[in-house]
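Where a number appears in this text, it was derived from the coordinates with a stated rule and is not lab data. This structure is a prediction, so every number in the text was calculated from the model and none was measured. As a convention, Cβ positions derive from the backbone with ideal geometry for all residues, glycine included, and neighbour counts pool all protein chains shown.
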């Protein structure tokens with residue numbers, strides 16, 4: 001459980017930055033080089049590589065060096081872990097809201 005929580009913490013920390021979310025969105029359409037990923041951003045290749053490294057450390061992205069070019073792709077399943085965590089918590093929230101709605105219905109029924 002501790003390992004899983006630590007992995008989720010790293011994934012959410014990586015996802016907290018809008019540039020990194022944009023990188024993941026772009027990689028959802030297919031692999032890209034670091035240079036291709038840097039095109040829409042006004043930042044140096046070094047700056048973008050740091051973002052890619054954070055994503056890679058969180059296992060959201062994998063990179064492979066092909067000659068002088070570093071190709072990036074989405075990681076195998078880390079977003080699945082994040083989605084599963086969100087769905088679990090969404091279900092808990094919905095259950096609580098359902099119970100709250102039932103309480104309101106009972107309370108309003110007693111007032112009438």
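Can you confirm whether the range 81-104 contains a residue that is surrounded by 17 or more Cβ atoms within 10 Å (Cβ to Cβ) and either part of a helix (DSSP H, G or I) or in contact (Cβ under 8 Å) with a residue 40 or more places away in the chain (or both)?
yes
What do you reckon, is residue 18 exposed (fewer than 11 other Cβ atoms within 10 Å of the Cβ) and in contact (Cβ under 8 Å) with a residue 12 or more places away in the chain?
Against the criterion (exposed (fewer than 11 other Cβ atoms within 10 Å of the Cβ) and in contact (Cβ under 8 Å) with a residue 12 or more places away in the chain), residue 18 does not qualify.
Can you tell me which residue in the range 25-57 is farthest from residue 79 (Cα to Cα), limited to those that are touching a strand residue (DSSP E or B) at 6+ places or on another chain (Cβ under 7 Å) and touching a residue at least 40 places away in the same chain (Cβ under 8 Å)?
First pass over the range 25-57, keeping only residues touching a strand residue (DSSP E or B) at 6+ places or on another chain (Cβ under 7 Å): 26-28, 31-34, 37, 52, 55-56.
Of the ones still in play, those that are also touching a residue at least 40 places away in the same chain (Cβ under 8 Å) are 27-28, 31-32, 55.
On the way: 27: 13, 28: 11, 31: 16, 32: 18, 55: 11 Å.
That would be 32.
I need the full set of residues from the range 53-80 which are part of a helix (DSSP H, G or I) and over 14 Å from the mean Cα position of the chain (by Cα), in order please.
53, the sole residue that qualifies.
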